[in-house]
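Taking it in order: structure first as structure tokens, then the write-up.
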Amino acid sequence: MKPLFRKVSVEIESSFNIKHSIMPNYGNVWHYHPELELHYNIAGEGVRFIGDNISNFTPGEIILLGENLPHAWRCNEAYYQNNTDLNIEGIVMQFLPDCLGKTLLTLPETYQLLKLYEKAKSGMIIKGKARDKVADLMRNTAQAEGLDKIILLLSILKVLAETNEYEPIVNGQGSFYQSNESDTIRLNKVFNYTHSNYKKDITLEEIASISNLSVTSFCRYFKLMTKKTYYDFLIEIRISHACRLLVENKLPTEVICFDCGFNNVSNFYRHFKKVTGMTPLDYKKKYLDRS
């Protein structure tokens with residue numbers, strides 16, 4: 001999906017941006033920016049879109065995104081209701097690679113930072129003890145001022161640069177370009193409508209009308225922007241929600257199948273294995289064994 005360029009605002013007296021926020025949701029705009037982003041989701045659940053990856057996010061997750069890697073965190077529908085007390089809580093840090101000066105990255109002692117920034121182009125899910133260390137450091141950084149803030153940033157980068165406790169998110173880095181306003185409005189309409197209606201049958205005529213395009217034009221347009229068909233996109237959304245319900249372990253697989261918009265079990269199993277590489281039972285067992 002062609003993302004929107006977003007300008008990251010940094011205070012005049014700061015070299016990088018960090019915010020600890022409690023709010024209804026993360027919004028839903030698919031965007032990118034030249035700053036790296038370290039995203040700590042303290043509370044909140046939903047589906048995240050990073051590059052060509054669609055996956056669930058849960059409390060405690062920390063992700064490092066590289067320069068210009070498109071992303072969006074779409075919370076579950078309950079977070080967008082006006083009459084709910086649900087809130088997300090997160091700490092988001094955004095910084096340019098040379099935010100501490102161009103000279104820093106030329107020093108022999110900082111060669112690991114260049115390697116880190118390269119790995120971050122594919123996105124990194126931080127795991128294990130590294131995740132715990134970074135979480136504590138981010139909380140402290142959000143409260144720090146002056147030189148302490150810079151020292152904490154370097155401490156975070158040191159942990160990230162030295163750890164092997166991470167998983168890459170996207171398979172390819174790809175090339176992404178700034179979209180115009182009409183593209184952004186159209187794609188976000190498709191994005192939001194799909195999230196709100198994935199449980200029902202969405203026809204191409206229906207989604208094309210949301211985009212103010214004919215079916216033929218919409219199919220061509222969507223494939224050009226996302227490198228996948230709308231049907232493939234819809235299936236990935238449904239499977240991501242099915243994954244969340246499987247891990248919650250409250251409903252039988254057959255009920256999850258229909259609750260996520262599939263009209264028969266065999267079809268659900270086929271698509272689930274194609275997207276995740278395993279059966280629903282194997283997926284549930286894998287994640288329940290971790291807990």
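Screening segment 55-161 for strands (runs of 3 or more DSSP E) wholly inside it with 1 or more residues that are modelled with pLDDT of 90 or more and touching a helix residue (DSSP H, G or I) at 6+ places or on another chain (Cβ under 9 Å) returns the ranges 61-65, 88-95, 124-126.
Taking residues in segment 69-85 that are within 17 Å of PRO59 (Cβ to Cβ), and partners anywhere that are polar (S, T, N, Q) and buried (at least 16 other Cβ atoms within 10 Å of the Cβ), the pairs with Cβ atoms closer than 8 Å and at least 6 places apart or on different chains are TRP73/ASN41; ARG74/ASN28; CYS75/ASN25; TYR79/ASN25. When the residues of segment 17-40 are filtered to those that are outside any strand (DSSP E or B) and in contact with a Leu (Cβ under 8 Å, 6 or more places away or on another chain), the one that is farthest from GLY66 (Cα to Cα) is PRO24. Residues in segment 27-53 that are touching a residue at least 60 places away in the same chain (Cβ under 8 Å), touching a Gly at 6+ places or on another chain (Cβ under 8 Å) and surrounded by fewer than 19 Cβ atoms within 10 Å (Cβ to Cβ): ASP52, ASN53.
Pairs meeting the criteria (first residue in segment 152-171 and under 14 Å from THR141 (Cα atoms), second residue small (Gly, Ala, Ser) and open to solvent by 70 Å² or more (accessible area, probe 1.4 Å), beta carbons under 9 Å, at least 6 apart or on different chains) are lacking.
State whether one or more residues within segment 214-224 are under 27 Å from TYR26 (Cβ atoms), touching a helix residue (DSSP H, G or I) at 6+ places or on another chain (Cβ under 7 Å) and not aromatic (Phe, Trp, Tyr). So far as segment 214-224 goes, no, none of its residues is under 27 Å from TYR26 (Cβ atoms), touching a helix residue (DSSP H, G or I) at 6+ places or on another chain (Cβ under 7 Å) and not aromatic (Phe, Trp, Tyr).
For segment 192-205, the count of residues that are at pLDDT 90 or above and in contact with a strand residue (DSSP E or B) (Cβ under 9 Å, 6 or more places away or on another chain) is zero. If the condition is being open to solvent by 60 Å² or more (accessible area, probe 1.4 Å) and among the hydroxyl-bearing types (Ser, Thr, Tyr), then segment 230-264 contributes only TYR231. You will find that of LEU116, LEU152, the residue that is closer than 23 Å to LEU69 by Cβ and open to solvent by less than 70 Å² (accessible area, probe 1.4 Å) is LEU116 and no other. Could you tell me whether any residue of segment 100-113 is aliphatic (A, V, I, L, M) and under 17 Å from THR163 (Cα atoms)? Yes: segment 100-113 contains one or more residues that are aliphatic (A, V, I, L, M) and under 17 Å from THR163 (Cα atoms).
The values are calculated or read from the model by the stated rules, or taken from the named source; none is laboratory data. Keep in mind that this is a model prediction, so the values were computed, not measured. Cβ: placed from backbone, ideal geometry, glycine included. Neighbour counts: every protein chain shown. Surface areas here come from the heavy atoms of the whole protein model, side chains and all, with no ligands, DNA or RNA. Shrake-Rupley method; radii C 1.70, N 1.55, O 1.52, S 1.80 Å.
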